[in-house]
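Structure, as structure tokens:
The values are calculated or read from the model by the stated rules, or taken from the named source; none is laboratory data. These numbers come from a predicted model, not from an experiment. Don't worry about glycine lacking a Cβ; one is built from the backbone with ideal geometry, like all the others, and counts go over all protein chains shown. For the accessible areas, the whole protein counts, side chains as well, though only heavy atoms, and no ligand, DNA or RNA atoms are used. Shrake-Rupley method; radii C 1.70, N 1.55, O 1.52, S 1.80 Å.
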Amino acid sequence: MTIQVDPVRRNLKFGLPKDQALSWNPAGLHVTQFFNTLSIFFPAGERFFIQSVRHYRKEIVGDELKEQISAFIGQEGFHTREHEEYNEALVAAGMPVEAMDKLVVKLLELVKKTPRSFQLAATVALEHLTAVLGDVLLRNDTLLEQVEPHYSAVWRWHAIEETEHKAVCFDAYEQVMGKGVQAYGLRVAAFLIANLLFWSLYVPFYTVMVTKGGGLLKLKGWGKVLNLTLGRPGVLRRALPDWLDFFRPGFHPWMHDNRHFLAQADDLMDEVANFDVNQAKAA
């Protein structure tokens, strides 16, 4: 692919209101917990992504890709910090996030015992998943309509940056592993395994989060999240075609050219800067 996008490090702090951790989305608890459960995976996941790329930093050729990797690491570091704060808000709300985080960490520790090529392939796989989900979020303005501003901002920021750096690990993988049958087979195998492991944790985690929030027997709420994922807007249903494109032998992340969403970053930064101003005035 000829498309090149250089990630930008944005050291943003969102100051999420902890008292709204379970109520920030007006669509209700079930939809709120759909997003909240995703946040549980990010701190350990982002640290794993950083490590898997660092394994190959000395083997990367080309100043442009080296700088993109450096910026990718910076972005993921900021994501880790902000989602740790996000998860602290969930803990304060009585959610068993710490226990679930420990399970994610233990799983990733097992993955770290695999060859470094598989670790990088797993990172490429999960970066595709997050990029696809981020794209769906950015394409559907209604998903974060009338949402508490701080939580809306953190999700839009994360989606924009996942879009911005979605090809970095892929390009690094192709440079060190090549584009042959063996490299293709490894990334596809890693993609299947990574998705299986992720969803096998996400679904029970989400069920626990809804249950702890008091929504287990609320059928209306389950209907809302079913509509969110499979109906309208159907975020998972709409993401499926782009998700499946990963199996193409000639796949590249920028075959899904959604660079126009990156233009939202400057306005978002101004919005978050105003959070700090407002907090300072309140103090």
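Rounded to the nearest whole Hz, the Karplus-based 3J(HN,Hα) values (6.51 cos²θ - 1.76 cosθ + 1.60, θ = phi - 60°) of segment 90-101 follow the sequence 5, 4, 4, 8, x, 8, x, 5, 4, 5, 5, 4, with x at glycine and proline. With an a/c value of 1.5 or above and a/b larger than b/c for the gyration tensor axes a ≥ b ≥ c computed over the alpha-carbon atoms, segment 121-243 is described as prolate. Surface analysis of segment 99-157 yields an accessible area of 42 Å² per residue, using protein heavy atoms and a 1.4 Å probe.
Name the residues of segment 153-194 whose amide N is less than 13 Å from a point 7 angstrom out from the Cα of L262 along the C-beta direction? Only 160-168 pass the distance filter. Remark: segment 4-52 carries 34 Å² of accessible area per residue (probe radius 1.4 Å; ligands, DNA and RNA excluded).
Mean projection of the Cα convex hull over all viewing directions, computed for segment 112-176: 5.1 nm². Rounded to the nearest whole Hz, the Karplus-based 3J(HN,Hα) values (6.51 cos²θ - 1.76 cosθ + 1.60, θ = phi - 60°) of segment 220-237 follow the sequence 4, x, 4, x, 5, 6, 5, 5, 4, 8, 10, x, 10, x, x, 4, 6, 4, with x at glycine and proline. Taking the Cα-to-Cβ direction at V105 and at D19 and moving 7 Å from each Cα, how far apart do the two end points lie in nm? Output for this residue pair reads 3.1 nm. Heavy-atom surface analysis with a 1.4 Å probe gives the chain a carbon and sulfur content of 58 percent of its accessible area. Under the convention that each Lys and Arg Cβ holds +1 and each Asp and Glu Cβ holds -1, the size of the dipole of segment 17-87 around its Cα centre is about 200 debye. Reducing segment 34-86 and segment 223-276 to their Cα centroids gives an inter-centroid distance of 18 Å.
The modelled label-to-label distance between E64 and L236, using points 7 Å beyond Cα along the C-beta direction, is 3.8 nm. Once you treat every alpha carbon in the chain as an equal point and sum by Debye, what is log10 I(q)/I(0) at q = 0.07, 0.09, 0.12, 0.16 Å⁻¹? Once normalised to I(0) and log-transformed, intensities are -0.25, -0.42, -0.76, -1.38.
For the residue pairs K166/K220; K112/K218; K13/K212; K18/K113; K113/K212, alpha carbon separations beyond 31 Å are given by K166/K220; K112/K218; K18/K113; K113/K212.
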